[in-house]
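I have placed the structure first, in the form of structure tokens, so that the comments after it can refer back to it.
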Amino acid sequence: MVKRSLHNIEIALEAIKTNKLKSILTALGILFGVSAVISMMAIGNGARQHILRQMETIGANNIVIEAVEKKELDSKDEEDDNENADKQSSQISPGLHALDYHSIKSIVPTINKISPEVIIESTISHSNKRIDGQCIGVSNDYFDIYNLNLESGAFFNQKQAVEGQSVCILGGNIATKLFSNIDPIGKYIKFGNIWLKVAGVIENRNLHNIDIEEYGFNNLNEAVFVPQNTVIRRIIDRNKINFTPPSNSSLQLRNFSINSNNDSEQNNYHQFDRIIIQVNNSEDLRSTASLTERILKRRHNNIEDYKMIIPELLLKQKQETNEMFNFVLGAIAGISLLVGGIGIMNIMFATVLERIREIGIRMAIGAKKTDIMEQFMIEAVFISLIGGILGIITGVSFAWIINRLTDIETYVTLSSILIAFLVSVSTGIIFGYSPAKRAAEKDPIESLRHE
């Protein structure tokens, strides 16, 4: 039995070798189909990996509450033809401030970490170096929310945070630009008109081309972090905003100002620019956002001078859109394989007609119907197998070229290669069966008479 099968394989390979051009043209259909499947799956997997890394970078289970500046409200009010809306928004709504922060922190039970953001832009200088940069007032929870690790130094201690001392933690790029190869810990930088002592340096983060505006995210590598009370007390004058610190705080507000390059302060009646919330579980995101919004609406007298961003949900929506697009691309690639399979079937049918006399001779000298069927099945499978192997090589190459020449990230997985390989073999079996069956059913006497 094994000997007969080996003999049938030998005959099938000889037939393929004899009809080289026909075999190559037949294999091309499978080649392009398999390569299309692999490259399309690589694009889909790359998009998925990109989104997962963005989720990891932005921080899992986060909700961003972002203050809306007065000029943005004015623009919205003009569209609604409401002449007094801007006046009401500035007089009635207290803006996003510390009382919102403490209310959310004390009322919402699903919160894991919470931190405000007070964002100021100005010049940062050290020695003879001077750059434009951003100062962000935060609590220590901020570093846990975004999984920020220290390259050197320490985070803010309780005394520095509560008293609003003039200390800072530098983003990786800022530290490199200002201090080069010098250890910045303990050194002083000047932000606007305020001197800040460097307490630590944050490790550089790969931001993976994140749309910062869309997801309410800051460029952490290009920022100077200070305690939130330091910003309010020493860096910028927001004393005009009603602010009642918690009873256990010794914070006293003073009138300080900054030589800021950011004109938006004139339109900003908020104390905090953002409040970042991290919930315990992703399942709690919607319920936490809903409860938080009810708290803010009540405190802001139903004036929406803030917007709520849930980065993870936005990314998941983007992922769903990408997966739908990838499904369409995969279907198109599958059609290519179907066309290649039909090509194999047509060629094999033509081969059967051309080799009727050969079939008759084999059957006359003792070949069985199973031998004839096996021979033609082996031919179809070998052709599709050759096309599949070349298609895998071509598909991986296409994925690499796409990644190199464009901004599209590709990721080839072992599973996609195995799927493509199995599909190519299955194509040969499925589309080779009918021609092989027809060849085996030929009457040997009629086959010998065929001219």
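Here are a few things to note about the model shown:
- Nearest-10 value in Å² for the accessible area of Cys135, using the 1.4 Å probe: 0
- Accessible area per residue was computed with a 1.4 Å probe on protein heavy atoms; Ser282 scores about 40 Å².
- Local electrostatic count, Thr110, Cβ distance below 10 Å [Lys/Arg +1, Asp/Glu -1]: -2
- Carbon plus sulfur fraction of accessible area for the stretch 103-166, probe 1.4 Å, in percent: 42
- Remark: for residue pairs Lys113/Lys307; Lys113/Lys159; Lys105/Lys177; Lys177/Lys197; Lys105/Lys159; Lys17/Lys368, the C-alpha separation exceeds 27 Å in Lys105/Lys177.
- Distance in nm between pseudo-label sites at Ile9 and Ala350 (7 Å out along the Cβ direction from Cα): 2.9
- Solvent-accessible area of Phe327 with every protein chain in place, 1.4 Å probe, in Å² to the nearest 10: 140
- Accessible area per residue in Å² at 1.4 Å probe, computed on the stretch 92-221: 43
- Computed on protein heavy atoms with a 1.4 Å probe, the accessible areas place Arg298, Arg362 in the order Arg298, Arg362, largest first.
The values are calculated or read from the model by the stated rules, or taken from the named source; none is laboratory data. All values derive from a computational prediction rather than experimental measurement. Don't worry about glycine lacking a Cβ; one is built from the backbone with ideal geometry, like all the others, and counts go over all protein chains shown. Surface areas here come from the heavy atoms of the whole protein model, side chains and all, with no ligands, DNA or RNA. Shrake-Rupley method; radii C 1.70, N 1.55, O 1.52, S 1.80 Å.
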